[in-house]
Ligand code: MG
């Protein structure tokens, strides 16, 4: 048997992190988890450490680090322990690891993504915010280091699969499908609570991406993500609402042929694909779509009036510079405030619009995109968003 492939999982206690570990478990020794990173030293993280015995573990804060050290003091397989942003970046570049799964949520994923690519690792990217904020830098780094970015987002995994063996020149259009989220047929955003927004009809995901799905900001971020990953101009990327969630995205080619990827709505599928690429893993008991049972597939245009976030994202990507970084950071703050009950659902796009307008006024769209500039724009956008929220 071949030696196991060494992988690191950043964000191991989140939804994608846990699904990745499920895929590792089912793959009978094909992968070895050598590094884990999580926000807190939670019981879940400790269970993962005890089961997978990674060499290195990183947590966010000093306090979490102290707890981690305490919990592992007497363990025979105690990992090396790290904390903070530096811990994440070192873990992303861990010598010996071949694949880095970046399943962090939000802007925290930017620097670890670059760290992995600069160390020549394959980056399995579930963190879309990194590409939204710093797509230009990330794609340049992947190219310079001759390494690959394998998308873990289901739509991008679908497009990646549709594009296999195709020439870039023959791509005419990308279709990103959207379930439409829990409020697809709701007339007004008034009265929507966090609890309601967290109940996604099709996908089981973390809180940030679930709320983003409800506002359709998730699709906006995914359009920008696709633009960078597949080098396709914004105007040739379309969003299509497809409530059955069977087609995960499609590519239209220059000869009028469209190729789609169909599977169950299960994040383990794109994770498994990225981990095993360029091969396909044979999995028992995997649920494939039952077409006769599904009966019909429907599609329609998104309602931009009710879901303004999609247009905000497109506009920021079109104007370029640091605006996408500001969009992403503002959204993160707005979603957090909504989840804590500080602002209503309908205020999420207002926070983002306020921050983007301030960014436009200060010339952020014209600014050169460097890592320092992106990180500065990110933190500036966060304080602008907080200041707006405080006034509500
Ligand atoms: Mg997605």
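Give me the residue from region 122-149 that is outside any helix (DSSP H, G or I) and buried (at least 22 other Cβ atoms within 10 Å of the Cβ) and, out of that set, nearest to the ligand (Cβ to nearest atom).
Here the answer is 126.
Taking the condition on the phi < 0 side of the Ramachandran plot, within 16 Å of the ligand (Cβ to nearest atom) and in contact with a strand residue (DSSP E or B) (Cβ under 7 Å, 6 or more places away or on another chain), does residue 155 pass?
yes
Restricting to region 90-99, give me the number of residues that are part of a helix (DSSP H, G or I) and surrounded by fewer than 21 Cβ atoms within 10 Å (Cβ to Cβ).
Final tally of qualifying residues: 1.
For residue 369, are the conditions met, namely being crowded, with 18+ Cβ neighbours inside 10 Å, in a helix (DSSP H, G or I) and touching a helix residue (DSSP H, G or I) at 6+ places or on another chain (Cβ under 7 Å)?
no
Inspect region 303-314 for any residue being in contact with a strand residue (DSSP E or B) (Cβ under 7 Å, 6 or more places away or on another chain) and part of a loop (DSSP other than H, G, I, E, B) and give the result as yes or no.
Checked region 303-314: no residue is in contact with a strand residue (DSSP E or B) (Cβ under 7 Å, 6 or more places away or on another chain) and part of a loop (DSSP other than H, G, I, E, B).
Restricting to region 229-244, name every residue that is surrounded by fewer than 21 Cβ atoms within 10 Å (Cβ to Cβ) and either within 15 Å of the ligand (Cβ to nearest atom) or touching a residue at least 12 places away in the same chain (Cβ under 8 Å) (or both).
Those that are surrounded by fewer than 21 Cβ atoms within 10 Å (Cβ to Cβ) and either within 15 Å of the ligand (Cβ to nearest atom) or touching a residue at least 12 places away in the same chain (Cβ under 8 Å) (or both): 230, 231, 232, 234, 236, 238, 240, 241, 243, 244.
Looking at (1) away from the ligand (no atom under 16 Å from the Cβ); (2) closer than 14 Å to residue 151 by Cα, can you tell me which one residue 224 breaks?
(1)
Has region 207-215 got at least one residue that is surrounded by 24 or more Cβ atoms within 10 Å (Cβ to Cβ), over 29 Å from residue 92 (Cβ atoms), within 16 Å of the ligand (Cβ to nearest atom) and within 19 Å of the chain's Cα centre (by Cα)?
Checked region 207-215: at least one residue is surrounded by 24 or more Cβ atoms within 10 Å (Cβ to Cβ), over 29 Å from residue 92 (Cβ atoms), within 16 Å of the ligand (Cβ to nearest atom) and within 19 Å of the chain's Cα centre (by Cα).
May I ask you to list the residues in region 335-366 that are outside any helix (DSSP H, G or I) and on the phi < 0 side of the Ramachandran plot?
Correct list: 340, 342, 343, 344, 362.
Checking residue 204 against (1) farther than 18 Å from residue 126 by Cα; (2) surrounded by fewer than 16 Cβ atoms within 10 Å (Cβ to Cβ); (3) within 15 Å of the ligand (Cβ to nearest atom), which single condition isn't satisfied?
Only one criterion in (1) farther than 18 Å from residue 126 by Cα; (2) surrounded by fewer than 16 Cβ atoms within 10 Å (Cβ to Cβ); (3) within 15 Å of the ligand (Cβ to nearest atom) is unmet by residue 204, namely (1).
How do the pairs read when you match residues in region 201-219 that are under 14 Å from residue 345 (Cβ atoms) with residues anywhere that are in a loop (DSSP other than H, G, I, E, B), using Cβ under 6 Å and keeping only pairs 6 or more apart or on different chains?
What qualifies is 210/198; 210/200; 213/181; 213/200; 214/181; 214/182; 214/183; 216/307.
Restricting attention to region 154-181, report how many residues are assigned to a loop (DSSP other than H, G, I, E, B) and at pLDDT 95 or above.
Matching residues across region 154-181 total 5.
Considering (1) in contact with a strand residue (DSSP E or B) (Cβ under 7 Å, 6 or more places away or on another chain); (2) without any contact (Cβ under 8 Å) to a residue 40 or more places away in the chain; (3) buried (at least 18 other Cβ atoms within 10 Å of the Cβ), say which one residue 351 fails and leave the rest.
All conditions pass for residue 351, except number (1).
Would you please list the contacts, defined by Cβ atoms under 9 Å and residues six or more apart or on different chains, that run from a residue in region 186-198 that is on the phi > 0 side of the Ramachandran plot to a residue that is modelled with pLDDT of 95 or more and part of a loop (DSSP other than H, G, I, E, B)?
Qualifying pairs under 9 Å: 191/344.
Starting from residues that are under 19 Å from the mean Cα position of the chain (by Cα) and part of a loop (DSSP other than H, G, I, E, B), keep the ones in region 265-298 and report whichever is surrounded by the most Cβ atoms within 10 Å (Cβ to Cβ).
Looking at residues that are under 19 Å from the mean Cα position of the chain (by Cα) and part of a loop (DSSP other than H, G, I, E, B), I get 267.
The values are calculated or read from the model by the stated rules, or taken from the named source; none is laboratory data. Model, not experiment: these values are computed from the prediction. A quick note on method: Cβ atoms are made from the backbone with ideal geometry, for glycine too, and the neighbour counts reach across all protein chains shown.
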